[in-house]
Every structure is written in structure tokens, then in C-alpha cells.
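Q: I'd like to ask you about the structure that follows.
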Amino acid sequence: AAKAALGLYLQLTKTKINLAVAITAVMGYVMAGGGWDMALPLSIFGTFLLASGAAALNQWQEAPFDARMRRTRTRPIPSGRIRPAGAFFIGVLLLLAGFYMLSSLPQNRWVVMALGALAVFWYNGVYTPLKRVTPFAVVPGALIGAIPPLIGWCAAGGEWNHPLVLHAAFFMYIWQIPHFWLLLLMYGGQYDDAGLPTLTKVFSRAQLHRITFMWVLATAVTGLSLPAFEGRALLFPWN
């Protein structure tokens with residue numbers, strides 16, 4: 001029973017994805033030259049908890065649509081393994097825990113908390129409802145992925161508008177768009193079944209392949225140009 005409950009929790013909070021989100025916060029922290037102090041675990045776990053809480057609320061919001069898709073109908077809420085109210089409670093509890101951890105940071109705590117609040121608002125308040133309105137929702141929605149590196153950077157004492165971290169945040173923004181569109185190429189029919197607008201109704205598959213390729217190419221160029229913003233000091237930070 002305990003194993004089943006843990007699996008249910010991990011699925012509800014999308015733990016695997018949010019571990020990757022937390023790693024991008026570490027990336028920002030390391031880029032800012034943060035040391036091995038309490039700011040590091042606070043920023044990591046604070047970001048992870050916020051992302052987990054937002055994921056639980058997202059599943060609470062999208063349960064009716066998830067129930068119509070083969071890929072998502074086995075998620076905790078549409079499968080009936082957890083009640084919507086329970087998922088909502090878990091999401092809110094995780095958000096509160098995440099904000100509490102970020103509020104304990106020794107530096108830039110208010111900036112970091114504002115960035116965390118922006119990420120949650122943008123994911124649950126903008127991107128999630130926008131997916132029901134336009135097939136291009138991922139373009140503004142990908143902003144969410146750009147925020148965790150900024151959280152780590154600011155937690156280490158960096159300024160949020162530094163060109164290096166903004167470039168890294170842009171990289172995290174841009175790669176999410178082809179990632180989503182590749183999923184769309186695989187599961188586009190299921191999104192149609194759920195009643196969600198998709199690009200497959202706007203472009204042909206051949207056009208969508210070409211558009212996705214251009215975004216992948218832009219992602220590669222953005223990543224390869226990152227060292228130019230800090231040069232050798234970025235490539236060899238221990239020197």
C-alpha cells in the first residue's frame with residue numbers, strides 16, 4: 001500500500017520532470033558562482049517543491065481533458081485513484097512548502113520568491129487555460145522553463161538581468177517548443193480527441209516537421225553560443 005501511494009504521489013507531481021527542473025536551478029546557481037552553503041539546497045528543494053505543486057494543480061485543472069486521452073487517462077485523477085480535492089490540497093501544500101524554503105534564502109529572497117510566483121502563475125494561470133484556446137499556447141507557455149535558472153542564479157546572489165543568465169534562460173525557453181511539438185507529432189490525434197486545439201489542424205505534418213526542425217536548429221545555435229557570453233571563465237570556472 002505504501003509503495004502504491006508513493007507511486008501515485010510521484011505520478012501526480014510529475015517528479016521525474018521536476019527533478020530536471022530543479023537541476024536547471026542548480027545550473028543557474030553554479031553559473032553565478034554560488035558556494036556550498038544553505039542557499040544551494042534551499043534553492044534546489046524550493047524550486048522542486050514549487051514545480052511539484054504546480055504539476056499537481058495542473059492535473060487537477062486538466063483532469064476532464066486527461067480522461068479523454070489514451071496517454072493521460074491513467075493519471076491519478078481521471079483513473080479515480082485520487083480525488084480532485086485531494087490533488088488540489090497536495091498541490092497547495094507543496095506550493096506553500098516551496099515558498100517557505102525560498103523565503104529562507106540568505107540573499108535575494110524576495111526576488112527569488114517573485115520569480116517562483118511568476119512561474120506558478122504562468123503555468124497554472126496562463127499556459128494551462130491557454131491550451132484550450134489556441135494551438136500556439138506553448139510559445140508563451142515555454143516562458144515557465146526559463147525561470148528556474150534565474151531562481152538559482154539569484155539565490156546565489158546574482159542579478160536577475162545579467163546577460164549570461166538571461167541567455168541561459170532563453171536557451172531553456174526555446175528548447176521546450178520543439179520538445180512539445182515532437183510530442184504533438186506523436187500524439188496529435190489524442191489531443192484532437194480531448195477537444196484541444198492543435199497545430200495539426202493548422203499545418204500539414206510535413207510543414208510541422210519543417211517548423212519543428214527549425215526550432216531544434218535554433219535550440220542548438222542558442223546552446224552553442226552560450227560560452228561566448230562568459231568565454232573561458234564559463235568553460236573552466238575553476239581557473
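The values are calculated or read from the model by the stated rules, or taken from the named source; none is laboratory data. Everything quoted here is computed from the prediction, not taken from an experiment. Note: ideal-geometry Cβ built from the backbone for every residue, glycine included; neighbour counts use all protein chains shown. Ligands, DNA and RNA are stripped out before the accessible areas are found, and what is left, the full protein with its side chains, is counted by its heavy atoms. Shrake-Rupley method; radii C 1.70, N 1.55, O 1.52, S 1.80 Å.
Q: Note down the magnitude of the dipole of segment 76-206 about its Cα centre, charges +1 on Lys and Arg C-beta and -1 on Asp and Glu C-beta and zero elsewhere, to the nearest 20 debye.
A: So the magnitude is around 260 debye.
Q: What number, rounded to the nearest 500 deg cm²/dmol, is the helix-based mean residue ellipticity at 222 nm of the chain, given -39500 (n - 2.57) per DSSP H run of at least four residues and division by all its residues?
A: So the calculated ellipticity at 222 nm is -22500 deg cm²/dmol.
Q: Which FRET efficiency, nearest 0.05, do Ser104 and Lys201 yield, Cβ-Cβ r, R0 45 Å?
A: With a Förster radius of 45 Å, E is 0.45.
Q: Further question on the same structure: For segment 35-184, what is the relative contact order in percent, using Cα pairs closer than 8 Å and at least 6 residues apart in sequence?
A: 26
Q: Another one. Asp37 to Lys16: extension gain in nm, 0.36 nm per residue of separation minus the Cα-Cα distance?
A: 5.0 nm
Q: Quick one: Debye curve from the C-alpha atoms of the chain, no solvent, what's log10 I(q)/I(0) at q = 0.13 Å⁻¹?
A: Values returned for q = 0.13 Å⁻¹ are -0.85.
Q: Using 0.36 nm times the number of residues separating Val30 and Ala114, minus their current alpha carbon distance, what extension gain do you get?
A: 28.2 nm
Q: Whenever you get a sec, compute what percent of the accessible area on the chain sits on carbon and sulfur atoms (1.4 Å probe).
A: C and S atoms contribute 71 percent here.
Q: Using the heavy atoms of the protein chains alone and a 1.4 angstrom probe, what is the accessible area of the chain per residue in square angstrom?
A: 51
Q: All other residues with a Cβ under 15 Å from the Cβ of Lys14 taken together, and with Lys, Arg as +1 and Asp, Glu as -1, what is their net charge?
A: My count for the surroundings of Lys14 gives +1.
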